[in-house]
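Structure first, commentary second.
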Amino acid sequence: MMYELLKFSVHGNYQGKLIALEKGDEFPFDIKRVYYIWGNEKNVIRGHHAHRKLEQVMVCVAGSCDFILDDGREKVKIHLNDPSQGLYIKHNIWRTFTNFSKDCVVMVLASEYYDEADYIRDYNLFLNEVVNN
Ligand code: TYD
């Protein structure tokens, strides 16, 4: 399964905490795009796609949610609830995410600009493209 849980260094003192992310030992790629997701109903299921090339790191900067990753052979569920943790999802992984806390904000750091042609939005196509090749 092409994912890793990254642990980021926290700069912190009595004033609060700060995490800085840039390509290096703790972060795997140059960041070309950032977007964030919030305001989701608890049981809504988002995602339902894979990417042909794009790599992403998901950071639950507030609250919690679950990611379900599927490489066509096995599925894993990862609970994110810590802003110092990043879920690094490489390409060709089918993902859904759900079980959002009310205060959940997911920040996504992406290796490429937005490109709809990079999406695989049909699960059978995903299996054909990725698993059977
Ligand atoms: P989508 O990736 O389908 O959302 P999710 O998988 O999180 O449910 O994107 C939702 C909409 O937002 C879709 O119309 C495309 C648009 N969008 C952009 O315009 N730029 C982006 O960087 C992203 C990620 C989405």
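Quick notes on this one:
- Each residue, D122 and Y14, gets one label point 7 Å from its Cα in the Cβ direction; the gap between the two is 6.2 nm.
- Sulfur and carbon atoms: percent of accessible area, the chain [1.4 Å]: 49 percent
- Charge context of L87, other residues only, Cβ under 10 angstrom, K/R +1, D/E -1: 0
- Accessible area per residue in Å² at 1.4 Å probe, computed on the chain: 59 Å²
- FRET efficiency, 1/(1 + (r/R0)^6) with R0 22 Å, evaluated for N81 and E22 via beta carbons: 0.40
- Net lengthening on full extension, E41/L5 (0.36 nm per residue, minus Cα-Cα): 10.4 nm
- Integer Hz, Karplus 6.51/-1.76/1.60 couplings in order for segment 18-31, x for Gly and Pro: 8, 10, 10, 10, 8, 4, x, 4, 9, 9, x, 8, 5, 8
- Our coupling estimate for segment 86-102, obtained by passing each phi through the Karplus curve with A = 6.51, B = -1.76, C = 1.60 and θ = phi - 60°, is x, 9, 8, 10, 7, 6, 6, 10, 6, 10, 10, 9, 7, 6, 7, 6, 4 Hz, Gly and Pro reported as x.
- Net charge, V10 excluded, C-beta distance under 13 Å - Lys, Arg +1, Asp, Glu -1: 0
- Taking every Cα-Cα distance in the chain and sorting them into 10 Å bins starting at zero, the pair-distance distribution P(r) comes out as 12, 42, 36, 9, 2, 0 percent.
- Packing-based ranking, highest mean first, of 4-16, 54-66, 104-116 given that Cβ atoms within 10 Å are counted: 54-66, 104-116, 4-16
The values are calculated or read from the model by the stated rules, or taken from the named source; none is laboratory data. None of these values were measured; they are calculated from a predicted model. Positions of Cβ are generated from backbone atoms using ideal geometry, with glycine treated the same way; all protein chains shown enter the neighbour counts. Protein only, heavy atoms only, side chains kept; ligands, DNA and RNA dropped before computing areas. Shrake-Rupley method; radii C 1.70, N 1.55, O 1.52, S 1.80 Å.
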